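Novice: Pasting in a structure now, in structure tokens, and then I'll have a few things to ask.
FYI, it's all coordinate maths here, none of it is from the lab. Everything quoted here is computed from the prediction, not taken from an experiment. Because the Cβ atoms are built from the backbone with ideal geometry, glycine has one as well, and the counts that use them run over all protein chains shown.
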């Protein structure tokens, strides 16, 4: 697996969020040009666009001219399907993916979630080939993102990665919830490892039409709950952090 050596133009939706900021910083340090798209202005990116993924024209305009789209913007956890999940996680997702298709963007990286496998037996390490087992409507929206990405890769020849992201704390309460969960520290994803993973996805030498669903977590504190071997093989990512490294909330 080879890595790209030239800078790319990358659009990051949800760029003002915690994971978005970490990813944008890592990409810029790697020499990529970053265009942020969020409902809030994004500090310290090459270009910041304030907009909403529910605005199809705004999304279409933002995607124009980039080499890669990283789509993070969404309602990020379990919530009411009709009132909170449907619009951003389904319609907004479609706007971003279809704008990438219409502009001929060669690479699309979608934020899925480790929650798509929460129905599995956690006594063993879950592999990508074990397939999804969802237990809530949020995870269903992420599974649809994976299916949409697979279709766009197969039908339109785009390179698509669905990132099954681990548990990334966005606030003190979120970190406390993770720490209290029986498997939380084994499903942890640090801000730094999130940035490194998405940089690896941007840089990896992948084929047109290639689709991959990949786990993205930091090192487990006690037991590996997901198998990262495919992630390392396909994009070269190896986590550097172990809970509580790389998160600013619990001291």
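Novice: Would you please give the FRET efficiency between residue 183 and residue 29, computed as 1/(1 + (r/R0)^6) with r the Cβ-Cβ distance and R0 = 25 Å, to the nearest 0.05?
Specialist: Result of the calculation: an efficiency of 0.20.
Novice: Against the longest principal axis of the chain, how steep is helix 191-203, in degrees 0 to 90 to the nearest 10, with axes from Cα atoms?
Specialist: The two axes meet at around 50 degrees.
Novice: Where in segment 99-117 does the amide nitrogen come within less than 18 Å of the point 7 Å from the Cα of residue 86, taken along Cα to Cβ?
Specialist: Under 18 Å, as judged by backbone N against the label point of residue 86, lies no residue of segment 99-117.
Novice: What Kirkwood hydrodynamic radius do you get for segment 143-251 when you take the inverse of the mean 1/r over all pairs of distinct Cα atoms, in Å?
Specialist: 14.6
Novice: Moving on to the next point. In a Gaussian network model over the chain where Cα atoms closer than 10 Å are linked, find which of 161, 117, 82 has the largest mean-square fluctuation.
Specialist: Checking each option, the largest mean-square fluctuation is seen for 82.
Novice: Output the relative contact order of segment 9-235, whole-number percent, from Cα pairs under 8 angstrom with separation of 6+ residues.
Specialist: So the answer I get is 19 percent.
Novice: Let me ask something additional. Could you work out the Kirkwood radius for segment 9-235, taking every pair of different alpha carbons, averaging 1/r and inverting it, reported in Å?
Specialist: Value: 17.4 Å, from the Cα pair sum.
Novice: Follow-up question, since we're still on this one. Using the alpha-carbon centroid of each, what span in Å lies between segment 1-68 and segment 110-183?
Specialist: Segment 1-68 and segment 110-183 have Cα centres separated by 22 Å.
Novice: Averaged over all directions, how much area does the convex hull of the C-alpha atoms of segment 1-76 cover when projected, in nm²?
Specialist: In nm², the orientation-averaged hull projection of segment 1-76 is 5.3.
Novice: Now, a different point. What percent of all Cα-Cα pairs in segment 39-103 falls in each 10 Å bin, counting up from 0?
Specialist: Histogram of Cα-Cα distances, whole percents per bin: 21, 51, 25, 3.
Novice: Cα axis of helix 18-29 to longest principal axis of the chain: angle in degrees, 0 to 90, nearest 10?
Specialist: Approximately 60 degrees, to the nearest 10.
Novice: Between residue 102 and residue 136, 0.36 nm times their residue separation minus their Cα-Cα distance comes to what?
Specialist: 9.1 nm is the gain from fully extending residue 102 to residue 136.
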